[in-house]
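These notes concern the structure reproduced below.
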Amino acid sequence: MINEIKDHFILVDKCAEQTRIVEIKSNKIVKIICWQDEKPPLIGNILDATVLKTLNSGIVRASLNAKKMITVRVGTKFFKNNAKIKVIITSEEFEDKPIQAKLWSGNCDLQKINNVKRIIDLFFNKNIPVIEDNHAIYWNDMDLDYCFLNALDPMIKIKDGGVLWIEKTKTATLIDVDTKNVLINNEDEMLKFCKNVFLKCMDEIKLRNIGGMILIDFPRMSLIRKKNLHEFIIKEGIKKFLDSNFLGFSRLQLYEMYVPRNFKSLESFYINKNEFDFQNHLRSLWRASKKIKSKNNIEFLCGKNLYKRLKLKKIPEFINIIERIDLPKDYGELLEKKI
């Protein structure tokens, strides 16, 4: 099946009570959005809001049902306080920061479709083909978990040499550029290297759902080349992050940029490896139910802890979940009984 899929597509995986929307190019994840289905995202919803205060740069503060505070981009339009507006939510909640939204354009077609399709319309290229994967079969066969786990690694090797180190704090994300294994003879070569590094940084920011203030520690260059790099960053950065601000170099020689937060950071979806393994156990049961297409002859042997957690989840009816006290508490193994 995989050989029939195009090189660039969007995979929608709704399996094991979790929804994942993944953009895949050349068999690698380039963008991922996911959430637990018992906690559906606010993002993509079209809601009524009340204007509270007009800010600068075409932005107003508003409220949803007099409760949740949101920041709305309204462009050149002017609204008085207490005006009623309709908005489409473009970000999740992050700590105490207001939810981001845009003024709703009145597109009736978008209002009628489900939340998954609205999110695809908001954050992905509309021309990319979409494939449904309700049993996580494509995800498993393409080993996308490997891409997922790599996206949580703080160290990223650059193809032509060099390393990025990504460190996140509550207030900002710092990206350190290391010229390891790179031979640079002059400042022109350094400028070219830094431009390529920035494009790699954009890919990592997109993949990891990084938002807020981002500081990039480029190698030292002359003032004129830093100006050239800044112009390049603005030109290329705006292509991928339309609403971002590219502020330039600070006094500490760190490049400052701000990317609006849309989705939670990638690591927030799996608190630890145990949770990651548990979700994959669930998906393995659904894959088996689709591939084997048989009844009453599949057993999933598991330890005490895993058995208790699985019994609380929705699983295919014909798979027998069997607790084995002789197995490690979190162990699980899928077996097809021979008849």
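The values are calculated or read from the model by the stated rules, or taken from the named source; none is laboratory data. Just so it is clear, the structure is predicted and the values come from calculations on it, not from any experiment. Because the Cβ atoms are built from the backbone with ideal geometry, glycine has one as well, and the counts that use them run over all protein chains shown.
Here are a few things to note about the model shown:
- Number of the exception - S268 against (1) free of Cβ contacts under 8 Å to residues at least 24 places away in the same chain; (2) surrounded by 17 or more Cβ atoms within 10 Å (Cβ to Cβ); (3) within 30 Å of N305 (Cα to Cα): (2)
- Selection status of M221, in the same structural domain as E167 (by TED's automatic domain parsing), touching a Leu at 6+ places or on another chain (Cβ under 9 Å) and modelled with pLDDT under 95: yes
This table checks each residue for (1) among the hydroxyl-bearing types (S, T, Y); (2) under 23 Å from Y331 (Cα atoms); (3) out of contact with any Pro (no Cβ under 7 Å at 6 or more places or on another chain).
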residue	(1), (2), (3)
L229	no, no, yes
E236	no, no, yes
N245	no, no, yes
L254	no, no, yes
Y258	yes, no, yes
N272	no, yes, yes
F278	no, yes, yes
R287	no, yes, yes
K290	no, yes, yes
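- Members of region 1-56 that are farther than 30 Å from V72 by Cα and hydroxyl-bearing (S, T, Y): S26
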